[in-house]
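Before any comments, here is the structure.
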Amino acid sequence: QVDYALVLGIFSGLSLFVPYFGIMFSFILTSILAFVHFKTTSIIVYLAIVYVMGHIIEGVFITPRLMGKSLNLHPLWIFFGLFVGGSLLGFFGILFAIPLTAIIAVIIRFFIKAYKKSKLYKY
């Protein structure tokens, strides 16, 4: 059992709000503390496997579904927004991709609803 595991878990969880930097910082901090506690380098390999698997599961399955349900967006639109935001604006694009995707979706839904109520749609 690692000393201060609860504090480490809470701190790691809070640092994950910062994309990419949070996971790296959390992994490095956890690796250092685990290495000091267990005095073996194999624990770092195990931690890397857990972090990579957790990050894949969270990034591919959990977050797009949760964000998609709360924003009423399909998970593919979440991925598309993240890819476009990251390509256009880099780090800040990834930070603001989900809110901007949600705003664009609301605007598109508004125009579709307005179009369906218009005279053009009836023809």
Residues within the range 35-80 that are within 30 Å of Val2 (Cβ to Cβ) and hydrophobic (A, V, I, L, M, F, W, C), tallied: 18
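Assess whether Phe35 counts as being closer than 22 Å to Ile94 by Cα, surrounded by 13 or more Cβ atoms within 10 Å (Cβ to Cβ), at pLDDT 85 or above and of a type in the set (A, V, I, L, M, F, W, C). Step through it out loud before you land on a result.
Numbers: closer than 22 Å to Ile94 by Cα: no; surrounded by 13 or more Cβ atoms within 10 Å (Cβ to Cβ): yes; at pLDDT 85 or above: yes; of a type in the set (A, V, I, L, M, F, W, C): yes.
No, not satisfied.
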Residues of the range 51-70 that turn out to be open to solvent by less than 90 Å² (accessible area, probe 1.4 Å) and either hydrophobic (A, V, I, L, M, F, W, C) or at pLDDT below 80 (or both), as a count: 11
Lone unmet requirement of (1) modelled with pLDDT of 85 or more; (2) touching a Ser or Thr at 6+ places or on another chain (Cβ under 7 Å); (3) open to solvent by less than 50 Å² (accessible area, probe 1.4 Å) for Ala102: (2)
Residues of the range 13-32 satisfying the condition of being surrounded by 15 or more Cβ atoms within 10 Å (Cβ to Cβ) and within 10 Å of Tyr51 (Cβ to Cβ): Ile23, Ser26, Phe27, Thr30, Ser31
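Conditions tested, residue by residue: (1) out of contact with any Phe, Trp or Tyr (no Cβ under 8 Å at 6 or more places or on another chain); (2) touching a residue at least 24 places away in the same chain (Cβ under 8 Å); (3) open to solvent by 80 Å² or more (accessible area, probe 1.4 Å); (4) polar (S, T, N, Q).
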{"site": "Ala5", "(1), (2), (3), (4)": "yes, no, no, no"}
{"site": "Lys39", "(1), (2), (3), (4)": "yes, no, yes, no"}
{"site": "Ile44", "(1), (2), (3), (4)": "no, no, no, no"}
{"site": "Asn72", "(1), (2), (3), (4)": "yes, yes, yes, yes"}
{"site": "Phe96", "(1), (2), (3), (4)": "yes, no, yes, no"}
Members of the range 86-95 found to be farther than 15 Å from Pro64 by Cα and touching a Gly at 6+ places or on another chain (Cβ under 9 Å), listed by number: Gly86, Ser87, Phe92, Gly93
When residues of the range 110-123 are limited to those that are at pLDDT 90 or above and open to solvent by 80 Å² or more (accessible area, probe 1.4 Å), the one nearest to Phe17 (Cα to Cα): Phe110
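The values are calculated or read from the model by the stated rules, or taken from the named source; none is laboratory data. All of these numbers come straight from a predicted model, not from anything done at the bench. Every residue, glycine among them, receives a Cβ derived from its backbone with ideal geometry; neighbour counts consider all protein chains shown. These accessible areas exclude ligands, DNA and RNA; they are computed on the full protein's heavy atoms, side chains included. Shrake-Rupley method; radii C 1.70, N 1.55, O 1.52, S 1.80 Å.
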